[in-house]
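This report concerns only the one structure given below.
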Amino acid sequence: MASNSGKTWGGRFSAETDSFVEKFTQSVSFDYRLYPFDIQGSMAHANGLVEAGVLTSDERDAIVVGLEKIRTEIEADEFIWSTEREDVHSNIEFRLVELVGELGKKLHTGRSRNDQVATDMRLWLRHEVDRIDEQMTCLLQVILDCAEKYTDTIMPGFTHMQIAQPITFGHHMMAWFEMMLRDRSRLRDCRKRINMSPLGAAALAGSSFSIPREQIAIELGFESLCRNSLDAVSDRDFAVEFTSVASTTAIHITRWCEEIIVWCSDIFGFVRLPDSFCTGSSIMPQKRNPDVPELIRGKSGRIVGDLVALLTLTKSQPLAYNRDNQEDKEPIFDAVDTLSECLQALCEMIPEMQPNSQRMRECAEQGYSTATDLADWLVRRSVPFREAHEIVGEVVALAESKNIRLDEMPLEQLLQVDSRFDESVFSSLSVVGSVNARDTVGGTSPTSVKREIEQARSRI
């Protein structure tokens, strides 16, 4: 059996905690990482207790000195974490009492571990969101640099994984940019609902002490208060929302990584990753495997799994706090860590991609990718698009039967299909002409892409 000594709730119990239960219920093995924010929140709470008349200024100062000492011990790896004291909060409080004596026992006045952990989690997640925001901004800049470098590089665009129309590599990179910019926007919007203070809600009903919640919230950098004490201590929707944003981001970057993996294949040969981002095979000496994008693609499953875990955790919980909520930490920790690592990998890998411009150009010229341009040429000569579509379908079938590209089709054979064709049609059949023609906002022409890049730099 394990002793209840040192537990913040031990007075009610006459029997000691079973050793298995001790291990089963502890969370300090993973929630210890909340310590900077637990200390930060405790210092703010101590200031609030001065305002409430519970502590004198001198007592508050002594507590703050003790908390600073604990912070130093933890950062120097000298702090002794104990599973018998269950969690990060109780471990720090126990040590505080060792350092400042009975005074340390006053700190928890008007506060519960319920509002304490909710505060710690919001402070921690806010910090991590800001760090991930910086990584996303770095990645956006990396993508823009890549897009700018390859605005004139022609490649095939695909639908259904079939060659559709010629585009530029820069234009393709800008599609990634728009995805990530929306992801960052969702992240910043999510931050608003993370940045609300539950401190002062106590166990569930609020505190009977006149603790200045607004003042404490301002001190901790919160933008607003959780207005209902039941909701403040029990809901984890802010964690669910972040993990939903992380999942959407992860799904986006798996699309990029799938493309990189395909592009790196010998069949495509569109890009090459340096050796530093590849690994080999234990049996096939020739292999260069794109393991980094493959791992990023795979790690999305973890983040989506974390979201499902948090959704399931919060499902059907009655108000207010339930011990189930201890299980929120490992999924949210994992989602943050995994997403952060994936973003870092992309920030380092994308600048190292080496496009094979010649190979991409060759593929863009295949698959009759300028067929729509041929139809557009007819439309400009007053042919209804549906009729033009049918005419070009016949031209493609003829070219296919002769195994030639559209721009290789002799005018005489085009005239066999429709008498309105003339020599000027060939300017519309090259991939360069096709790309340059799409100069509208959001189009693939080098001029359009350069304009978008210039505007995008101000958007981030």
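The values are calculated or read from the model by the stated rules, or taken from the named source; none is laboratory data. Quick caveat, the model's predicted, so the values are computed rather than measured. Using ideal geometry, Cβ is built from the backbone for each residue, glycine included, and neighbour counts are taken over all protein chains shown. Just so you know, the surface numbers come from the protein's heavy atoms only, side chains and all, with ligands and any DNA or RNA stripped out. Shrake-Rupley method; radii C 1.70, N 1.55, O 1.52, S 1.80 Å.
Past 26 Å, Cα to Cα: identify those pairs from K299/K329; K23/K192; K149/K299; K106/K192; K69/K106; K23/K106, in the order given. Over 26 Å Cα-Cα: K23/K192; K149/K299; K106/K192; K23/K106. Among K315, K450, the sequence by solvent-accessible area, most first, with a 1.4 Å probe is K315, K450. Taking a spot 7 Å from the Cα of D266 along the direction of its beta carbon, which residues of the stretch 282-303 have an amide N less than 19 Å from it? Once the point is set 7 Å along Cα→Cβ of D266, 282-291 turn out to lie under 19 Å by backbone N, inside the stretch 282-303. Each Lys or Arg adds one and each Asp or Glu takes one away; over the other residues whose Cβ falls under 10 Å from the Cβ of E330, this sums to -4. Using R0 = 41 Å, the C-beta based FRET efficiency linking D152 and E294 works out to 0.85. Once percent of Cα pairs over 38 Å apart is calculated for the structure shown, the corresponding label among [x] 45; [y] 31; [z] 27 turns out to be [x]. Annotation: amide H-H contacts under 5 Å for A164 (H modelled 1.01 Å from N, sequence separation of 5 or more, or interchain): G157, F158, T159. For the chain, the longest principal axis of the C-alpha atoms and the axis of helix 57-75 are separated by about 50°. Computed about the Cα centre, the dipole magnitude for the stretch 299-438 is approximately 240 debye when only Lys and Arg (+1) and Asp and Glu (-1) carry charge, each at its Cβ. Bridgeable aspartates and glutamates around K105 (alpha carbons under 14 Å apart, same-chain partners fewer than 8 residues away excluded): E59, E93.
Treating r as the C-beta distance of S357 and S82 and R0 as 45 Å, the FRET efficiency rounds to 0.15. Seen against the Cα atoms of the chain and their longest principal axis, helix 237-264 is set at about 30 degrees.
Taking the protein heavy atoms of the stretch 219-368 in the context of the full set of protein chains, the accessible area attributed to carbon and sulfur is 50 percent at 1.4 Å.
Dipole check for the chain: with +1 at the C-beta of Lys and Arg, -1 at the C-beta of Asp and Glu, and the Cα centre as origin, the magnitude is about 600 Debye. Determine the distance separating the Cα centre of the stretch 309-324 from the Cα centre of the stretch 148-175; give it in Å without decimals. First find each Cα centre; the distance between them is then 46 Å.
In terms of the mean number of neighbouring beta-carbon atoms within 10 Å, the peptides 282-291, 422-431, 380-389 order highest first as 422-431, 380-389, 282-291.
For L225, nonlocal amide neighbours, meaning residues 5 or more places apart or on other chains whose placed amide H falls under 5 Å from its own, are S197. Orientation-averaged projection of the stretch 75-220 equals 14.9 nm² [convex hull of Cα atoms, one quarter of hull surface area].
Rounded to the nearest 10 degrees, the angle from helix 169-194 to the longest Cα principal axis of the chain is 20 degrees. Here the simple spin-label model places points 7 Å from the Cα toward Cβ, and for Q286 and L398 these points are separated by 4.2 nm.
In terms of accessible area, using a 1.4 Å probe and ignoring ligands and nucleic acids, V395, V21, V54 rank largest first as V21, V54, V395.
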